[in-house]
Amino acid sequence: MVSCCAAGIDGVYDYDNDCDNENFCPAVNGMDGGDAFEDNPYGDTQLNLVDEPEMVSKVDIKYATVAKKLDVRILKNSIWDDLCDSEEATEKNVREEGVERSLQEVVQDLPRHVPKTEMPDVSISYVFICLLHLANEKNLKVTGSEDLSDLTIAAE
């Protein structure tokens, strides 16, 4: 049996010790390299593992396979034009008159303002994002109805 002392000078590991150089592997807890299941305290040679979890069936999720290409600047300008184009408002007096529009009204009026080539790619998500941008840029106030069925857009 080889005598190993891996601690070198000042407690630093000595990589040139005899055990490392001779590929020595000492017996761990009395094991002499035999079968790991020989000394099993449970008496059997099988591992008691947790059962495999039940597999969930595959669910096909429909998602867009083609990216939408939409000019957000055109959509924002169209929404702003729609807010200013209502019967009681112009761009000058949107803030003076305190004009209010609902999101549903804006969405219904979009086909009049958005070019026909852009309209197939317009979704409620895009309209909402552009509306938030406009609210930030033009100091508009966006509030939800009590039942959260619609939003109201108004000048602050």
Quiz item: Only one residue in Asn77, Asn139 is at pLDDT 85 or above, in contact with an Asp or Glu (Cβ under 8 Å, 6 or more places away or on another chain), open to solvent by 80 Å² or more (accessible area, probe 1.4 Å) and of a type outside the set (Phe, Trp, Tyr), so which one is that?
Solution: Asn139
Quiz item: Looking at region 96-126, which of the residues that are open to solvent by 70 Å² or more (accessible area, probe 1.4 Å) and polar (S, T, N, Q) is farthest from Leu140 (Cα to Cα)?
Solution: Thr117
Exercise. Out of Asp51, Asp71, report the one residue that is surrounded by fewer than 10 Cβ atoms within 10 Å (Cβ to Cβ) and at pLDDT 80 or above.
Key: Asp51
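The values are calculated or read from the model by the stated rules, or taken from the named source; none is laboratory data. These numbers come from a predicted model, not from an experiment. Reconstructed Cβ throughout: ideal geometry from the backbone, glycine too, with neighbour counts over all protein chains shown. The area values use the complete protein model at the heavy-atom level, side chains included, leaving out ligands, DNA and RNA. Shrake-Rupley method; radii C 1.70, N 1.55, O 1.52, S 1.80 Å.
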